[in-house]
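The values are calculated or read from the model by the stated rules, or taken from the named source; none is laboratory data. The structure presented is a predicted model; accordingly, all values stated were derived computationally and were not measured. Because the Cβ atoms are built from the backbone with ideal geometry, glycine has one as well, and the counts that use them run over all protein chains shown.
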Amino acid sequence: MHIKSITLNNFRNYENLNLEFHKGVNIFIGDNAQGKTNIVESIYYCSIGKSNRTSKDKELIKWKKTNAYINLYVSRERIDKKIEIKIFNEGKKGINVNSIKLKKISELFGVFNAVMFSPEDLKIVKESPSYRRRFLDIELSKIYPRYYFDLVQYNKVLEERNALLRSRNSSAYEMLQIYDLQLSRFGSSIIKHRINYIIRLNEIGKNIHKEITQNKEDIQFNYSIENKSQKEIEEDLYNKLEKNRSKDIVKGITSVGPHRDDFNIEINGIDTKIFGSQGQQRTAVLTIKFATIDILKKDTGEVPVLLLDDVLSELDISRQKYILNSLDSIQTIITCTGINDIQSYLYGQYKLFNVKDGIVTEVK
Ligand SMILES: Nc1ncnc2c1ncn2[C@@H]1O[C@H](COP(=O)(O)OP(=O)(O)OP(=O)(O)O)[C@@H](O)[C@H]1O
Ligand SMILES: [Mg+2]
């Protein structure tokens, strides 16, 4: 799939923007704080109905304005899609796809798929487990509506369980058994999907990582829960929840379950989070992103759009070359502050845009 055009109204620092994209590579150049990331953010928003850098939709509305609009036209193998998003000042939003109003945000998943790679993604490798869980949750939701449903249900039950634990209302503790049955049912589906995703990251990511590192490094992803049948995972989770009940009552929080799981990333058998060099950590993210593209391609039959926000300059020449050489069949939106290095590696046609204070002009 590829984006044909985008229109922004009162989105971040754009009052009115209309852009037609190239089917291949699109490069946005500009100094700091001109609006490059804002464009990428608006595109990303259309893929999951959320920003990659804020959970507060209100921040997306141009200062002193009341609503923000994004219109994205996407060309796909089958039916083309027009995504229209309105974000209102009160924090509400409305989404239409081909002029039909969506009832739930989950109906947007899969309409338009984008894979974003920005400096922030280094957190997947370097920081707390919540970034890795978030990565898995977003990627799995794009592919499996069931996953998103189970995740929403799981989080609802988890919230209720935690509220009960915090209430110290011991006469209601018999509810814990019911919560734990529900948590293990939804939780086992989440865990099984995540384990399967990690298996695929290994299958696909290992080759990608070998290619990028010229066979010097072997990457390995390991989920924190052992791979068993979903039934067994469900039983194990129930048993753990039951075993931890009295501890959870004291702490007032649920201490086990997929909301606490993690996966680790090893390079040549060593934990990248703890011992990886900056370059190794960046390369691990690069591998994850390109593997993600491949998984989306295989599972949806459509090539996603790649968004590279400010990452090229952070990588060495051989990694930059790897990326730029991999772009021949995938629409890519690149932002950077200069183009000197990139131009010599780009093959074929591309569109180049200049971004200055919320005004974008095509450079011909
Ligand atoms: N809601 C908003 N309304 C108006 N302007 C905003 C809003 N939110 C952010 N901005 C402004 O948008 C500008 C551009 O932001 P953006 O992150 O796109 O810059 P950038 O070109 O990617 O810069 P950098 O190279 O530093 O990453 C910033 O100056 C910021 O103050
Ligand atoms: Mg930026």
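Listing for the model above:
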read-out: Among the candidates 52, 38, 32, residue that is assigned to a helix (DSSP H, G or I), within 12 Å of ligand 1 (Cβ to nearest atom) and either over 24 Å from residue 197 (Cβ atoms) or in contact with an Asp or Glu (Cβ under 8 Å, 6 or more places away or on another chain) (or both); value: 38
read-out: Candidate set from the range 12-55 (those that are of a type in the set (Val, Ile, Thr) and in contact with a strand residue (DSSP E or B) (Cβ under 8 Å, 6 or more places away or on another chain)); member that is farthest from residue 359 (Cα to Cα); value: 25
read-out: Residue tally, condition more than 15 Å from ligand 2 (Cβ to nearest atom) and either among the β-branched types (Val, Ile, Thr) or assigned to a strand (DSSP E or B) (or both), over the range 116-136; value: 2
read-out: Residue match in the range 89-97 (condition: within 16 Å of ligand 1 (Cβ to nearest atom) and either surrounded by 21 or more Cβ atoms within 10 Å (Cβ to Cβ) or under 27 Å from residue 325 (Cβ atoms) (or both)); value: no
read-out: Lone unmet requirement of (1) assigned to a loop (DSSP other than H, G, I, E, B); (2) more than 18 Å from residue 48 (Cα to Cα); (3) not basic (Lys, Arg) for residue 153; value: (1)
read-out: Answer residue from the range 43-66, given it is buried (at least 19 other Cβ atoms within 10 Å of the Cβ) and within 13 Å of ligand 2 (Cβ to nearest atom) and is modelled with the lowest pLDDT among those; value: 52
read-out: Yes/no for residue 197 being among the hydroxyl-bearing types (Ser, Thr, Tyr) and closer than 16 Å to residue 263 by Cα; value: yes
read-out: Cross-chain or 6+ apart pairs with Cβ under 7 Å, the range 162-191 first and under 12 Å from residue 151 (Cα atoms), then at pLDDT below 95; value: none
read-out: Residue within the range 319-333 that is assigned by TED's automatic domain parsing to the domain that holds residue 30, more than 29 Å from residue 63 (Cα to Cα), charged (D, E, K, R) and in a helix (DSSP H, G or I) present; value: yes
read-out: Residue that is nearest to ligand 2 (Cβ to nearest atom) [pool: residues in the range 296-334 that are under 18 Å from the mean Cα position of the chain (by Cα) and of a type in the set (S, T, N, Q)]; value: 332
read-out: Any hit, the range 113-130, residues being surrounded by 19 or more Cβ atoms within 10 Å (Cβ to Cβ), in contact with a Gly (Cβ under 8 Å, 6 or more places away or on another chain), aromatic (Phe, Trp, Tyr) and within 23 Å of residue 262 (Cβ to Cβ); value: no
read-out: Boolean, residue 102 is surrounded by 15 or more Cβ atoms within 10 Å (Cβ to Cβ) and free of Cβ contacts under 8 Å to residues at least 12 places away in the same chain; value: yes
read-out: Unique residue being modelled with pLDDT under 95, under 30 Å from residue 281 (Cβ atoms) and assigned by TED's automatic domain parsing to the domain that holds residue 287 when the list is 220, 214; value: 214
read-out: The range 83-113, residues that are out of contact with any Leu (no Cβ under 7 Å at 6 or more places or on another chain), part of a loop (DSSP other than H, G, I, E, B) and not small (Gly, Ala, Ser); value: 89, 90, 92, 98, 103, 104, 109, 111
read-out: Subset of the range 247-271 [free of Cβ contacts under 8 Å to residues at least 12 places away in the same chain and part of a strand (DSSP E or B)]; value: 270, 271
